[in-house]
Number of protein chains: 4
Amino acid sequence: GLGLRTIATTTDIATKTLPQINRRRPRPSESAEESWVDSESDQQYSLRWQGTGPQTVLLVKKSDSAAVDSAMVSITRWLHATYPQINIVLEPLVFTQYAGQLPFIRTIAAGDHSEYSRVVDFVITLGGDGTFLHVSSLFQREVPPIVPFSMGTLGFLLPFNVADFQPQLRNVIEGTSTVLPRMRLTYAKRLGDGSLDSRVNVTNEACIHRGTYPHLTTISCYLNGHLLTTSVGDGIIVGTPTGSTAYSLSAGGPIVHPLVSSIVVAPVCPRSLSFRPLMLPSSSRVTLLVHPKSRGRATAYIDGRDCGELKHGECVEITQSPYPLMCVNRDDLAAGWAQDINQLLKFNRTFSYPHDSLYGSHIPDDDDY
Amino acid sequence: GLGLRTIATTTDIATKTLPQINRRRPRPSESAEESWVDSESDQQYSLRWQGTGPQTVLLVKKSDSAAVDSAMVSITRWLHATYPQINIVLEPLVFTQYAGQLPFIRTIAAGDHSEYSRVVDFVITLGGDGTFLHVSSLFQREVPPIVPFSMGTLGFLLPFNVADFQPQLRNVIEGTSTVLPRMRLTYAKRLGDGSLDSRVNVTNEACIHRGTYPHLTTISCYLNGHLLTTSVGDGIIVGTPTGSTAYSLSAGGPIVHPLVSSIVVAPVCPRSLSFRPLMLPSSSRVTLLVHPKSRGRATAYIDGRDCGELKHGECVEITQSPYPLMCVNRDDLAAGWAQDINQLLKFNRTFSYPHDSLYGSHIPDDDDY
Amino acid sequence: GLGLRTIATTTDIATKTLPQINRRRPRPSESAEESWVDSESDQQYSLRWQGTGPQTVLLVKKSDSAAVDSAMVSITRWLHATYPQINIVLEPLVFTQYAGQLPFIRTIAAGDHSEYSRVVDFVITLGGDGTFLHVSSLFQREVPPIVPFSMGTLGFLLPFNVADFQPQLRNVIEGTSTVLPRMRLTYAKRLGDGSLDSRVNVTNEACIHRGTYPHLTTISCYLNGHLLTTSVGDGIIVGTPTGSTAYSLSAGGPIVHPLVSSIVVAPVCPRSLSFRPLMLPSSSRVTLLVHPKSRGRATAYIDGRDCGELKHGECVEITQSPYPLMCVNRDDLAAGWAQDINQLLKFNRTFSYPHDSLYGSHIPDDDDY
Amino acid sequence: GLGLRTIATTTDIATKTLPQINRRRPRPSESAEESWVDSESDQQYSLRWQGTGPQTVLLVKKSDSAAVDSAMVSITRWLHATYPQINIVLEPLVFTQYAGQLPFIRTIAAGDHSEYSRVVDFVITLGGDGTFLHVSSLFQREVPPIVPFSMGTLGFLLPFNVADFQPQLRNVIEGTSTVLPRMRLTYAKRLGDGSLDSRVNVTNEACIHRGTYPHLTTISCYLNGHLLTTSVGDGIIVGTPTGSTAYSLSAGGPIVHPLVSSIVVAPVCPRSLSFRPLMLPSSSRVTLLVHPKSRGRATAYIDGRDCGELKHGECVEITQSPYPLMCVNRDDLAAGWAQDINQLLKFNRTFSYPHDSLYGSHIPDDDDY
Ligand SMILES: NC(=O)C1=CN([C@@H]2O[C@H](COP(=O)(O)OP(=O)(O)OC[C@H]3O[C@@H](n4cnc5c(N)ncnc54)[C@H](O)[C@@H]3O)[C@@H](O)[C@H]2O)C=CC1
Ligand SMILES: NC(=O)C1=CN([C@@H]2O[C@H](COP(=O)(O)OP(=O)(O)OC[C@H]3O[C@@H](n4cnc5c(N)ncnc54)[C@H](O)[C@@H]3O)[C@@H](O)[C@H]2O)C=CC1
Ligand SMILES: NC(=O)C1=CN([C@@H]2O[C@H](COP(=O)(O)OP(=O)(O)OC[C@H]3O[C@@H](n4cnc5c(N)ncnc54)[C@H](O)[C@@H]3O)[C@@H](O)[C@H]2O)C=CC1
Ligand SMILES: NC(=O)C1=CN([C@@H]2O[C@H](COP(=O)(O)OP(=O)(O)OC[C@H]3O[C@@H](n4cnc5c(N)ncnc54)[C@H](O)[C@@H]3O)[C@@H](O)[C@H]2O)C=CC1
């Protein structure tokens, strides 16, 4: 209620100062002749706070899990005890539930997304990939750095185990952390008269799909205004490198490292033998519309959320968003990605064969991972 | 012979001046609110000569084709008549054959590749994709702009029809042309003791393949020094976006726009159900070696050329080359690429079905292309 | 109403006599030593009527198409004029609409499927693949021979053009026609207590799919009672060779000749890199159920028709149906199938490349088809 | 030499009597209404000897493995001690090496394959899949039942572990074993004048491949004399269901149960987006030839063995062989195949995801296998 808002909201918090995000200095090449190109390091970024450090943290958690709730309680208590000057903000429903037990927490009124942008210095997520996707949807413009915790197995989007939250958060607040920028896309829907209906940021993919309609649907796809292709089938995915390991992978798309700057176009069950996934420059404008002659209907899904039917005459424009996600990450970025590919996706498991036991396997051991 | 060299080589030509290659100015966005991102244009480049224009052209042609030979004669005659100040250089064998008939042509001694780099202002290629790949191999460091002509059907690497050579060359020499930068890779082979054996530029792909060996071969692949995967099968392809429509496509790889900055890794017939093509950042270092326990042998192929067996203990490092190809291209880059995908690769041909004739096809007409 | 039924139904028609369907005699092999195996011919069947020929034909047509309606009028008029002894049956709605204009037609009460089985000697279909699938659904047990007409382009399921209906039907009624047997599957749904809920024949596929549910669903799949795999994703397809060119093809399945006796299992967008389509013996029993721990829901679709949610505890058993479809077909079966693959599916269109124009294409011409 | 042959060959052995191979009786269906179709069992066969049981066994082993050699010594000693009436035949090279140590063994002169067919009642293989393939190549016509032993991990072609050889062989010799028939193909090569050059049985696949030739090759493929397609690329595979888990799988083909009666056609790295694997009836005749305009050369490989260049004008005909392999197998055929798919091929490994640890995985546990 009103009383709650008066005592525990963020209105008294000064507008945040942005942290410094620096491009990592490339390693000096060992010898001019021998190494023409620097590896990886030139695409990594590091985060260090200006002045007194972060003032406000937003903690977003998965719902309906006792394990997550108890981790949330531990983290907020520890944060408050260790960094009493940092404001701890939770989403309204969680706030209501825990305000008694955790008297120091604050909230922001439901729907007041601009207030999140005004005050939040960094975000902690606690749960699964869906929790991470939800945080991205809260920030339609600039996003503060995100520190994502999993409840167990690490993952592409969840590099840290909640069991290690203390050293990890200490490092983020007091030290220098490695940041992985993840490109987002902007999904802009236009009505039949060309006017803008809505604009949403996309972390994984925008998917135009037959959805509840049981028959084929036909989508035309334009690249920078030129007809690229017309897809008949279940639908079409336009995604980010981050999304390449989500629905796009199931649909047959390639595995794209998040530092590649590109837009992935992949069909879902096309009535064609010759539709192959496409990788477009991140500077592309991709336009999708239901083909005027299509009997089939189509629904737009953004990161798995139903965003309504795409009607005849309406169209969707997808471009790179100027607001990427800055994700705090493990320091060993390349090693981490290779590990994720192997452990999570079970990439390139070669066959076990009888005869290999005979003379030293020519097939590598999966236990390497 | 010696006499020939004295009268017709390039030794008297001054070292070339580099042309100006400008990034195209992004289109002013129609409205700040409506378009956050510029499309495509910020990745196009334009070529304009400094001072008096180009001084020396190298013309490289496919061999064993009467049609190509006669086009070559027409082009050189027209060039000499129209731009008598421009030196026309041909490869030694062609020079020897045509020096009588075309007294104004010059040559550079076989193998003297540094002389090509010193004097050539731009290159004309006449033939197929193989001719284009050959030109790339002539320039292991900086490459002058290339104007590729096909003998008929246009293609990814061959945007111009020789039938239109006059306006096209006039435009390149006197006006402003659109240039498409195509990334190359550097293939560096190291011996067992770590010393550098050879270094070659790659336009399509480096492929480590069982080649003439009839059985499986096992290749380990590292990303920035971390084990990425070990591939058992026919082989592995590490390629450029340009090469994504070459062998990589046949092996199941995605179609990558040449302006995407990325390295493609695709297996050839792997003994695995779970090998999916990978897209790595262009700043990656990919290292390949024959697995120490592999019974199978392996050969390296660069752009289809046999580069010798890769022995146990030897390894190959693949990184982005600092020397991309600057390819003069059609002005409508996005339209052109979409057309090539559709016309050359017959991308996403949807099925023809009986019932569609009944109520206006829901399936688009291939004749759009 | 009742009056209609009295004058124009099929109750006065004697129970049909089955036609003779003979296996074609294998071609005598040219030489015992040279040809060990007979080709194709031993899997073709021919249809010839016993005694006085067919007594009753059922004509089923696509709705909402003026062209189809006018073809239907022509065919029934011609049939009645040429073969006055043959009873012509239409579905109730069509009958009601045309009984005035075509006084000789009859009908069978809606839902009285056993009457179809009792009297119909052969079926004519007029429309698209959906019309053909509808006819299959009318006959849950033995199916009389089907003569499918398309309205234009021929197709896998529609071998005859309506423009040629006279010679074609004359041939079927008076002569010997080639028959292609198309295997069907039986889909049997069992409730939580193991009791049989429903049983339906399947022409293309049974597909268990997340349908209107926006998230992943998890389906377990058993082969003859042994766990085969558990699929996480959009869904799973269990189909016939006929269905291999329908949804299964879009999902990445192989193209299976209708004379192959096999059951195809293909996933729809699986969360796995290693799900490959499976071909099981036609004698297999495939059981599907929603995994007890699946959050996701699933719906069953048979030949594209929604057959309701598959609830936790329920399961589906899929086996070969003892009631195949006998489809009258073109005589040149192998040539016809190869043509369909090429013309309808645009199978194996090789790339068009510039350099091929130079020395006689090494790439075959699509115009062969 | 001659002496060896006199004392230890098989010339004194009477021509074998064929064992009885019976189709398993279908399980009586539980209820006529409930089960229309019998599962699997109607495609299983059982082996039982007529009269006094087998007289002669051929043991074929992998070379160059001490473990295999020692297993061979144990098996032959045990066989001789337990069944002294059974003649034990080894291949000539093995015989020469072991005749001193195992005085009871016999051999058949190298190349005298008809003698194998005349006397061998059953075959034991010891080694890997290659050993099994080698046995198949020894019998170009009827093949005696094969009992394949692996040296450790079981496999598709190797159902028995050598550790259990005693009960297993006792069962084969004295009892009733389950037999899995594996279809073979016949590869017949014809010269330019149409005459038969050679004919070979195929267990996995015939593959026409560019082999040592570094460029594309073009193969035309006919089905029962009608042009099916022309393939440009590395090559084309025509294989059996058994071979579907060999090279064909690496090339993208489906996994086909050995009881499916079909011929698989799969391309190797085709220059086409629209080549999909084909499943043809086992009664098909597939003809392959190097396209007359192909610059590329091609080599034939049968089960991985180089069978020489396929020259312009020559062609290859592939049909079902009348001589399948009768493979003694585990009794639980369906369970075994499902296990092999999962354990050996690591079929359908679903992804491990962080969030699943939260609420009971919706993703099944790989440890099921
Ligand atoms: N057949 C499929 O593969 C489908 C996939 N999805 C994906 O689900 C996403 C939404 O995720 P949830 O809200 O968790 O829904 P969800 O509960 O349906 O789970 C989707 C699964 O994808 C994983 N995931 C999500 N983003 C990922 C990423 N970037 N990389 C790797 N794995 C990722 C999640 O951990 C979860 O296992 C959508 O953006 C879409 O990509 C949605 C529908 C079908
Ligand atoms: N199975 C396959 O697809 C194979 C493909 N190749 C490719 O051939 C290339 C060498 O080309 P050539 O010297 O002309 O040999 P080639 O005479 O074997 O022709 C290869 C074909 O690929 C085309 N091609 C080459 N580069 C291309 C590109 N970047 N995009 C689209 N098409 C392209 C050529 O026009 C030609 O049709 C290699 O770099 C490799 O990528 C080589 C061997 C096998
Ligand atoms: N993404 C996809 O490819 C989807 C395919 N379907 C298929 O549609 C079928 C139902 O067909 P309709 O009632 O006409 O629905 P529909 O109007 O959705 O059309 C499906 C398309 O598949 C074609 N088709 C149907 N059976 C075929 C076969 N055996 N071989 C080749 N093409 C075939 C039809 O001609 C039509 O072009 C289902 O059995 C399912 O196989 C259904 C949903 C999605
Ligand atoms: N890239 C690839 O996948 C290649 C596969 N091969 C296959 O190798 C076969 C010859 O085998 P080897 O003489 O042992 O040669 P090899 O030493 O090259 O081994 C081939 C591998 O395939 C396995 N294999 C063979 N037949 C199999 C089957 N029917 N199902 C499952 N796995 C099978 C073997 O156990 C071995 O791991 C050929 O018939 C061909 O199918 C041959 C060349 C390349």
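The values are calculated or read from the model by the stated rules, or taken from the named source; none is laboratory data. Bear in mind the structure is a predicted one, so any value in this text is a computation, not a measurement. Methodologically, a virtual Cβ is constructed for each residue, glycine included, from the backbone with ideal geometry; neighbour enumeration extends over all protein chains shown. Each accessible area value is taken on the protein alone, full model and side chains, heavy atoms only, with ligands, DNA and RNA left out. Shrake-Rupley method; radii C 1.70, N 1.55, O 1.52, S 1.80 Å.
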task: Compare the peptides D:331-341, D:237-247 by average per-residue count of other Cβ atoms within 10 angstrom and give them in order, highest first.
output: D:237-247, D:331-341
- request: Partner chain Cβ atoms within 10 Å, averaged over the residues of A:145-155 - can you pull that number for me?
  value: 3
- line: PRE zone check, label point 7 Å out along Cα-to-Cβ of D:Leu196, amide N under 17 Å, scope segment D:315-339, hits D:315-324
task: Note the distances from C:Ala66 to each other copy's matching label point, with points 7 Å along the Cα-to-beta-carbon direction, in nm, sorted shortest first.
output: 5.8, 6.9, 8.8
query: Roughly how many debye, to the nearest 20, is the charge dipole of segment C:185-320 about its Cα centre, given +1 on each Lys and Arg Cβ, -1 on each Asp and Glu Cβ, and no other charges?
result: 300 debye
Calculated label separations, C:Asp306, copies of the chain, 7 Å along the beta-carbon direction, nm: 1.1, 6.2, 6.2
- prompt: So for chain A: antiparallel DSSP bridges make up what percent, rounded to the nearest 5?
  reply: 75 percent
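What FRET efficiency comes out for the pair A:Glu142/B:Asp164, r = Cβ-Cβ distance, R0 = 41 Å, nearest 0.05?
Efficiency, from the Cβ-Cβ distance: 0.25.
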message: I want to verify a result. In a Gaussian network model of chain A, Cα cutoff 10 Å, which of these has the top mean-square fluctuation: A:Ala251, A:Ala67, A:Ala206?
response: A:Ala67
- prompt: Which value, in Å² rounded to 10, gives the accessible area of B:Cys269 with a 1.4 Å probe and all protein chains present?
  reply: 10 Å²
- prompt: If the label for D:Ser198 sits 7 angstrom from Cα along the Cα-to-Cβ line, what are its distances to the same label in every other copy, in nm to one decimal, shortest first?
  reply: 3.4, 5.9, 6.8
query: Of the heavy-atom accessible surface of segment B:188-239 (probe 1.4 angstrom), what whole percent is carbon and sulfur?
result: 50 percent
- prompt: If you draw the axis that swings chain C onto chain D, which residue of C has its Cβ closest to it, and how far is that in whole Å?
  reply: C:Pro254, 2
query: Say R0 is 41 Å: what FRET efficiency, to the nearest 0.05, do C:Ala81 and A:Glu309 get from their beta-carbon distance?
result: 0.25
statement: Bridge orientation stat for segment A:114-246 from DSSP, antiparallel percent rounded to 5, came to 75 percent
field: Average other protein chain Cβ within 10 Å of Cβ, residues D:330-341
entry: 4
field: Estimated dipole of segment B:51-155 in Debye, rounded to 20 [Cβ of Lys and Arg +1, of Asp and Glu -1, Cα centre]
entry: 160 debye
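How crowded by other chains is C:253-265, given as the mean number of beta carbons from other chains within 10 Å of each beta carbon?
6
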- prompt: So what's Rg/Rh here for chain B, counting alpha carbon atoms and using the Kirkwood radius for Rh?
  reply: 1.01
query: To the nearest 100 Å², how much accessible surface do chains D and C cover up together, summed over both, with a 1.4 Å probe?
result: 6700 Å²
- prompt: Out of every Cα-Cα pair in the protein assembly as shown, what percent are more than 52 Å apart?
  reply: 36 percent
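Assigning unit charges at the beta carbon (Lys, Arg +1; Asp, Glu -1) and nothing else, what dipole magnitude in debye, to the nearest 20, does chain D show about its Cα centre?
In debye, rounded to 20, chain D gives about 1200.
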- prompt: Looking only at GluC sites (Glu not before Pro) in DSSP loops with at most 15 other Cβ atoms within 10 Å, what is the longest site-free stretch of chain C?
  reply: C:143-369
- request: List every residue whose amide H lies under 5 Å from the amide H of C:Arg330, counting only residues 5 or more places away in sequence or on a different chain, with H placed 1.01 Å from N in the peptide plane.
  value: none
message: Just to be sure I understand the model, the point goes 7 Å from the Cα along the line to the Cβ. What's the resulting C:Tyr213 to C:Gln101 distance in nm?
response: 4.6 nm
Within a Gaussian network of chain D (alpha carbon springs, distance under 10 Å), most fluctuating of D:Thr217, D:Thr96, D:Thr52: D:Thr52
field: Ratio of Rg to Rh over segment B:185-320 (Cα coordinates, Kirkwood Rh, two decimals)
entry: 0.92
message: Just to check I understand the Karplus step: with θ = phi - 60° and J = 6.51 cos²θ - 1.76 cosθ + 1.60, what whole-Hz values come out for segment C:215-229, glycine and proline as x?
response: 10, 4, 10, 10, 10, 9, 10, 10, 10, 6, x, 9, 4, 9, 6
- line: Summed over the other residues with a beta carbon less than 10 angstrom from that of A:Pro324, with K and R at +1 and D and E at -1, the charge totals +1
- line: Computed from the beta carbon distance with a Förster radius of 25 Å, FRET efficiency for A:Ser74 and A:Asn22 to the nearest 0.05 stands at 0.20
- request: Just the number, please: percent antiparallel of the DSSP beta bridges in the protein assembly as shown, rounded to the nearest 5.
  value: 75 percent
